[in-house]
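Since the structure comes first, as structure tokens, the remarks are kept for the end.
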Number of protein chains: 2
Amino acid sequence: MTAHYTIGIDLGGTNIKGGVLDASGTLVHRRSIETQAEHGFEHVFARLVRLVEDLIRGAGLAKSDVAAIGYGTPGPLSHKKGIVYASANLPGWKNIPLRERFSAATELPVTLDNDANVAAFGEFVAGAGRGVRDMVMLTLGTGIGGGVIVNGELVRGALENAAEIGHMIAVPDGRPCPCGQRGCLERYGSANAIAERLVEAVQAGEDSSLKVRLDAGETITSVQVAQAARAGDALALRIWDETCYYLAIGCVSLQHILNPARVVLAGGLIGAGQQLLGPVRDHFHRETWRLAEDFPQIELAALGSDAGVIGAATLARIEQRKESPH
Amino acid sequence: MTAHYTIGIDLGGTNIKGGVLDASGTLVHRRSIETQAEHGFEHVFARLVRLVEDLIRGAGLAKSDVAAIGYGTPGPLSHKKGIVYASANLPGWKNIPLRERFSAATELPVTLDNDANVAAFGEFVAGAGRGVRDMVMLTLGTGIGGGVIVNGELVRGALENAAEIGHMIAVPDGRPCPCGQRGCLERYGSANAIAERLVEAVQAGEDSSLKVRLDAGETITSVQVAQAARAGDALALRIWDETCYYLAIGCVSLQHILNPARVVLAGGLIGAGQQLLGPVRDHFHRETWRLAEDFPQIELAALGSDAGVIGAATLARIEQRKESPH
């Protein structure tokens, strides 16, 4: 008998999301629990194992119906070695042989990838990347993460560190980045960078409707900058538009390096919808070349928080097929 | 009986280079003839067909010893469709179904790719890319061309226009490029850009030992800028160093997008040798991040003008294997 289902797990600092995919790739069951990261690795690990059991039971399946588990988590980690070296917001996760441990505890094959890669792969197979073979995803949040798919396959890179799209250099000798570089794309195009740049401009003396909130000691977010821009605040409008410009410039570079059919924008910032997508597309078409019409379609991600679970499960299925091709 | 040899052809505006690879991938015979491009397509095509016959005879082979022909040429073209849409410096080459015509005339399977891709693939299999699976090549000449190899495979892109590395945006709103963009990497890092930027600076009133040549109506080349820099000319030194800086910035972006094991510099500019490689490496390590040691090795191309022939022949062999896997 062949096991037709795969399980996807998307571990974050706050929640662990899990889901069950059937043979057609449809998400037939999902469940989300708290991570409780503050209790350390063994506690979270026990929750992971229980979540898998609950998913199998909740979907009305037996363990023998499940072919594999795909697992996405913040890195750095090694897909090849199955080791999580460390995980942002997960204290105590240090050089964990997670594939081996998780596989032993669940008696199922486990595939491991970073959270940005599994989310990108989810959008690729079931969301904004459907129907194409070449896609780049930019996840616009605290920083900018990403995923690169070439000819249907996830690009992991020689040292398994590809798709760090946020650390492309957007501006030579530009804004310093905690990574040690200057001018990283994420210093101009992430949600955090929008808020930071507005605060800096106000502190430098520029006027904005958000100044009263700043003066009251409030933290400014990209959502507030977006709202202020919609309400006509000149500084917020300028910073929002510059953000879209730099994201478009990044898309032009990606176009010429990889010639993807689609560039997918994801992450918190896409809550702004057309306010983001419209100007990014406009700037892109103003800035890109005239030599060939090899433009990617620029789209918003479609799967929301299901992307990671679907991508992780699908990557696990692909890995299983590679290992038993017949 | 299996045909063990493949033929590689590298067509340029001035010369057509051809070579025969044995089953181990060794170039066992080579021959170069004039293109005579000014006589139009049919004339050049007849020369191509004759070159193949001469290569087979010159290597002491029969046609039945040859499995396939790989063919590299300036584009735009379609590998998938086997059509050359147009070719720089080749008048009369317009929407030519070259794969079909060449295959009919030689009675051998033909694989078609652009010249930058075949050269990059040649370096990948037999030159500066040996031993790795992920490589990017930057060909520094009139402009900047390139090739991207991911997990052992040439990246062609959704619309077969990947690896236009020279048109990554190096400087937002920067120097205008004939392609229609502003700030393209090739406006800062190509051989032509070096000469142009020096001439502009002198015309703007800066001093240089090359001013007397310019005043005498001579054309300044990147080779002269390199010489002047070695002789201590301050302006030439600054422009040469800036060039290396921008190339390094491009390498940082490529590092984070693709995480290649190697970045290979090729083209006329690498005639400068360590004068180019040293500062590019230095700037790269100064500019790249501190979060992970996922740095590519930056190397000079090793095969010179054989790269295209070797790459074309190897791509033809791979294509043949795909079509008859058993």
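Each other residue within a Cβ distance under 14 Å of A:H29 adds +1 if Lys or Arg and -1 if Asp or Glu, for a net charge of -1. In nanometers and ordered shortest first, the copy-to-copy spacing of the A:S24 label point, defined 7 Å from Cα toward Cβ, is 5.5. Taking the C-alpha atoms only, the angle from helix A:115-126 to the longest principal axis of chain A is near 80 degrees.
When A:N151 is represented by a point 7 angstrom out along its Cα-to-C-beta vector, the spacings to that point in the other copies are 1.0 nm, nearest first.
Across peptide B:284-291, the average count of Cβ atoms from other chains found within 10 Å of a residue's Cβ is 4.
With R₀ set to 45 Å, the beta-carbon distance separating B:K322 from A:K81 gives a calculated FRET efficiency near 0.90.
Phi-derived couplings, Karplus 6.51 cos²θ - 1.76 cosθ + 1.60 at θ = phi - 60°, listed residue by residue for region B:192-207: 4, 5, 4, 4, 4, 5, 5, 4, 4, 5, 5, 4, 7, x, 6, 8 Hz, with x used for Gly and Pro. Ordered by the count of other Cβ atoms within 10 Å of each Cβ, fewest first, B:Y71, B:Y5 give B:Y5, B:Y71. In summary, the convex hull built on the alpha carbon positions of region A:7-52 has an orientation-averaged projected area of 3.0 nm². Would you mind classifying chain A by shape? Square roots of the alpha carbon gyration tensor eigenvalues, ordered a ≥ b ≥ c; an a/c under 1.5 is rounded, otherwise it is prolate if a/b is larger than b/c and oblate if not. The shape class here is prolate.
Protection proxy ranking for A:46-57, B:129-140, using the average of other Cβ atoms within 10 Å per residue and placing the highest first: B:129-140, A:46-57. For chain B, the relative contact order comes to 21 percent (Cα pairs under 8 Å, sequence separation of at least 6). Taking each of A:K17/A:K211; A:K94/A:K322; A:K17/A:K80; B:K94/B:K322; B:K17/B:K80; A:K63/A:K94 in turn, the alpha-carbon distance tops 27 angstrom for A:K17/A:K211; A:K94/A:K322; B:K94/B:K322; A:K63/A:K94.
All other residues whose Cβ lies under 10 angstrom from that of A:A162 are scored, Lys and Arg at +1 and Asp and Glu at -1, for a net of -3. Sparsely packed loop sites in region A:165-252 (the GluC sites (Glu not before Pro) outside DSSP H, G, I, E and B with at most 14 other Cβ atoms within 10 Å) comprise A:E206, A:E218. Note on region A:132-301: with charges restricted to the Cβ of Lys and Arg (+1) and Asp and Glu (-1), its dipole about the Cα centre is near 100 debye. Its DSSP H runs of at least 4 residues, each contributing -39,500 (n - 2.57), put the calculated 222 nm mean residue ellipticity of chain B at -12000 deg cm²/dmol, to the nearest 500. If R0 is taken as 41 Å, the Cβ-Cβ distance between A:L291 and B:L291 corresponds to a FRET efficiency of 0.70.
Summary value for region B:133-301: 24 percent relative contact order, contacts being C-alpha pairs under 8 angstrom separated by 6+ residues. In nanometres and ascending order, the distances from the B:E53 label point to those of the other copies are 7.8 (point 7 Å from Cα along Cα→Cβ). As a length-normalised measure over Cα pairs under 8 Å and 6 or more apart, the relative contact order of region B:96-192 settles at 20 percent. If a/c stays under 1.5 just call it rounded; otherwise compare a/b with b/c (prolate if a/b is bigger, oblate if not). Do that for region B:242-314, with a ≥ b ≥ c from the square roots of the Cα gyration tensor eigenvalues. Since a/c reaches 1.5 but b/c is at least a/b, the shape of region B:242-314 is classed as oblate.
Legend: mean number of C-beta atoms from other chains within 10 angstrom of residue C-beta atoms, peptide A:174-183, equals 3.
Take each residue in A:147-154, count the other chain C-beta atoms within 10 Å of its C-beta, and the mean is 3. Residues whose amide H comes within less than 5 Å of that of A:G40, counting only those at least five positions distant or on another chain, are absent (H built at 1.01 Å from N in the peptide plane). Between B:A104 and B:E153, the C-beta separation translates, for a Förster distance of 30 Å, into a calculated FRET efficiency of about 0.60. Considering the dipole of region A:132-301 built from charges on the beta carbon (Lys and Arg +1, Asp and Glu -1) around the Cα centre, which of A:I270, A:V150, A:A193 is farthest to its positive end? It is A:V150, whose Cα lies furthest towards the positive end. The phi-based Karplus calculation (6.51 cos²θ - 1.76 cosθ + 1.60; θ = phi - 60°) puts the 3J(HN,Hα) values of region B:253-265 at 4, 5, 3, 7, 6, 10, 6, x, 6, 9, 10, 10, 9 Hz, whole numbers, x for Gly and Pro.
Give, as a single signed number, the net charge of other residues whose beta carbon lies under 14 Å from the beta carbon of A:L258, with Lys and Arg counted +1 and Asp and Glu -1. Local net charge: -4.
Taking every DSSP beta bridge that has both ends in chain A, the antiparallel portion is near 55%. The string of couplings for region A:172-179 from the Karplus curve (6.51, -1.76, 1.60, θ = phi - 60°) is x, 6, x, 4, x, 10, x, 5 Hz, one whole number per residue in order, with x for Gly and Pro. Taking amide H as placed 1.01 Å from N in the peptide plane, the amide H of A:G75 sits under 5 Å from that of A:A88, A:D115, each at least 5 places away or on another chain. A cut-off of 5 Å between modelled amide H atoms, ignoring neighbours fewer than 5 places along the same chain, links B:A68 with B:I7. Nearest 10 degrees, 0 to 90: what angle lies between the long axis of helix A:274-287 and the longest principal axis of chain A (Cα atoms)? Once rounded, the angle reads 70 degrees. Packing, as the average of other Cβ atoms within 10 Å across residues, places the peptides A:59-66, A:245-252 in the order A:245-252, A:59-66, highest first.
No lab work stands behind these numbers, since they all come straight from the coordinates. Keep in mind that this is a model prediction, so the values were computed, not measured. Note: ideal-geometry Cβ built from the backbone for every residue, glycine included; neighbour counts use all protein chains shown.
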